1. What helices (runs of 4 or more DSSP H) lie completely within segment 9-69 and have 1 or more residues being under 30 Å from SER215 (Cβ atoms)?
2. Return the residue satisfying two criteria in turn: it lies in segment 60-69 and is of a type outside the set (A, V, I, L, M) and out of contact with any strand residue (DSSP E or B) (no Cβ under 9 Å at 6 or more places or on another chain), and of such residues it is farthest from TYR156 (Cα to Cα).
3. Suppose the filter is surrounded by 13 or more Cβ atoms within 10 Å (Cβ to Cβ), out of contact with any Asp or Glu (no Cβ under 6 Å at 6 or more places or on another chain) and either closer than 24 Å to ARG151 by Cα or modelled with pLDDT under 95 (or both); does LYS15 pass it?
4. Of the residues that sit in segment 182-221 and are in contact with a Ser or Thr (Cβ under 7 Å, 6 or more places away or on another chain), crowded, with 16+ Cβ neighbours inside 10 Å and assigned to a helix (DSSP H, G or I), which one is modelled with the highest pLDDT?
5. When only residues in segment 70-102 that are modelled with pLDDT of 90 or more, in a strand (DSSP E or B) and touching a strand residue (DSSP E or B) at 6+ places or on another chain (Cβ under 9 Å) count, which is nearest to VAL22 (Cα to Cα)?
6. Which residue is surrounded by the most Cβ atoms within 10 Å (Cβ to Cβ), if the candidates are limited to segment 72-108 and must be closer than 24 Å to GLY163 by Cβ and of a type in the set (Gly, Ala, Ser)?
7. Please work out if ALA64 is surrounded by 15 or more Cβ atoms within 10 Å (Cβ to Cβ), of a type outside the set (Val, Ile, Thr) and within 13 Å of the chain's Cα centre (by Cα).
8. Look through segment 35-61, keep the residues that are at pLDDT below 95 and surrounded by 19 or more Cβ atoms within 10 Å (Cβ to Cβ), and return whichever of them is nearest to LYS105 (Cα to Cα).
Amino acid sequence: MAKSIAIDGPAGAGKSTIAKLVAKQLGFIYVNTGAMYRAMALFLIRNGIDKDDTPGIEKACELADISITHTDGKQVVLLMGENVNDHLRTEEVGNMASASSVNAKVREKLVALQQKLASHEDVVMDGRDIGTVVLPDSRCKIYLTASSDVRARRRYDELVAKGESADLDKIRADIEERDQRDMTRANSPLKQADDAVLIDSSNMSIEEVKDAIISVAKERL
């Protein structure tokens, strides 16, 4: 039977960075579900669909072809057959993903793909509703969070390191707005699963967070 580690938490908590390291150390496949929602968002942006256009989003959702492959141990997100990994981390795509992911049709399509992946592979999967909706039967659930100030600073440093201009206050406001939207949406809101272990990474190094999750995984799996 395939094993799974479900990691949930708000934007900027470091889920994908940690999940990749955990997967690599345990020999599991890493599945970044947020990247799938970002790929859908990119599709909507490219087709000129507004984040408030519900009928347009639902129609586009049926047309979008999104899949995941692994090349040299790395996850590759394919949108209409194109590797879009390098287009998924912009603020525009992130904000569209948060807005469009509340749509039930979007979630239904992507959750089915995520569950299919986890049914036959040992996976580390991160997102907003993995432990509560996508993999509710996972024996190892983590809720990874950090303060909005810490998450904003991490995102700011990431953008500056890439040579991009960044406004720390705006990033913090965007993160807090996204938290509010993710936690209050009617469909699959972001919340800690009852049987998830809470890890606050505000004052922890990446290595410390990784080791904490692997310790939980060894105990539960």
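The values are calculated or read from the model by the stated rules, or taken from the named source; none is laboratory data. Only a predicted model underlies this, so the values are computations on that prediction, with no experimental measurement involved. So basically every Cβ, Gly included, is an ideal-geometry build from the backbone, and we count neighbours across all protein chains shown.
1. Working: elements: 15-26, 33-46, 54-63.
Per the criteria, 15-26, 33-46.
2. Per the criteria, the residue is GLU62.
3. no
4. VAL209
5. Once the filter is applied, the top-ranked residue is VAL76.
6. ALA97
7. no
8. CYS61
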